[in-house]
Amino acid sequence: MKVPLLIKMLGELRSHEISYGYGGLKLLEADELDEGQIGYSVSPDGQSFCGVRPGDWRASWIVIGHDTGLGDPLFIDMSDVGVPVFTAAHGEGAWNRRPVAISLDAFARCWREFAFLARSRANPVELKATPLSKAERIDYLNRINEINEGQIHAELWKQLLETDEEMDDD
């Protein structure tokens with residue numbers, strides 16, 4: 001599978017995995033894209049899982065990575081000229097996509113913002129030693145909103161910080 005815009009973005013990112021506290025995000029390498037579709041758009045023997053009914057996986061969706069805490073996929077929609085990025089909870093019997101970024105470019109910029117925020121917070125020990133302040137959290141989410149031109153709720157990007165918020169409650 002060759003998707004030039006996606007391949008370019010993957011090649012431009014320094015790291016394909018970001019750890020933050022107890023979770024994070026992982027992107028597929030360019031040579032892993034075909035295999036990464038197994039279980040989503042195709043079965044291991046190549047049978048299509050795609051459909052057109054509500055909750056079906058769409059043929060235009062391409063998995064590009066996943067949330068390391070929950071394992072939910074990150075995917076693009078090639079049928080949209082802007083190539084937005086989405087996530088959806090797996091194991092619910094239907095794929096109800098939620099926007100992550102308005103485009104691949106916006107996703108790459110959000111990725112870099114998250115990577116910057118995750119520095120010195122890659123695991124629970126580091127996160128406890130260097131907790132995220134309320135001001136840092138607000139600033140980060142405002143930048144995510146600006147990058148996406150206010151067109152999405154920063155649900156995933158906020159969810160990635162939940163372990164930090166839970167620690168604040170202790």
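The values are calculated or read from the model by the stated rules, or taken from the named source; none is laboratory data. Not measured: the values here are computed from a predicted model. Glycine also receives a Cβ, built like all others from the backbone with ideal geometry; neighbour counts cover every protein chain displayed.
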| note | Considering only helices (runs of 4 or more DSSP H) wholly within the range 62-170, the ones with at least 3 residues that are at pLDDT 95 or above, on the phi < 0 side of the Ramachandran plot and surrounded by 16 or more Cβ atoms within 10 Å (Cβ to Cβ) are 104-118, 134-147
| message | Taking the criterion of being in contact with a Leu (Cβ under 6 Å, 6 or more places away or on another chain) and either hydroxyl-bearing (Ser, Thr, Tyr) or more than 26 Å from GLY55 (Cβ to Cβ) (or both), would at least one residue in the range 85-92 satisfy it? | response | yes
| request: May I ask you to say which residue of SER120, SER60, SER79 is hydroxyl-bearing (Ser, Thr, Tyr), over 19 Å from GLY21 (Cα atoms) and in contact with an Asp or Glu (Cβ under 8 Å, 6 or more places away or on another chain)? | output: SER60
| said: in contact (Cβ under 8 Å) with a residue 60 or more places away in the chain, part of a strand (DSSP E or B) and within 23 Å of GLU113 (Cβ to Cβ): is that true of SER19 in this structure? | reply: yes
| request: Please indicate, with yes or no, whether at least one residue in the range 45-54 is of a type outside the set (Lys, Arg), outside any loop (DSSP other than H, G, I, E, B) and at positive phi. | output: no
| field | Count of the range 54-79 residues which are charged (D, E, K, R) and over 17 Å from GLY91 (Cα atoms) | value | 1
| task | Could you please find all residues in the range 22-42 being part of a loop (DSSP other than H, G, I, E, B), farther than 21 Å from PRO4 by Cβ and of a type in the set (A, V, I, L, M, F, W, C)? | result | none
| message | Pairs needed: first member in the range 104-122, farther than 15 Å from GLY24 by Cα; second member anywhere, basic (Lys, Arg); C-beta distance under 9 Å; at least 6 residues apart or different chains. | response | LEU104/LYS8; ARG109/ARG143
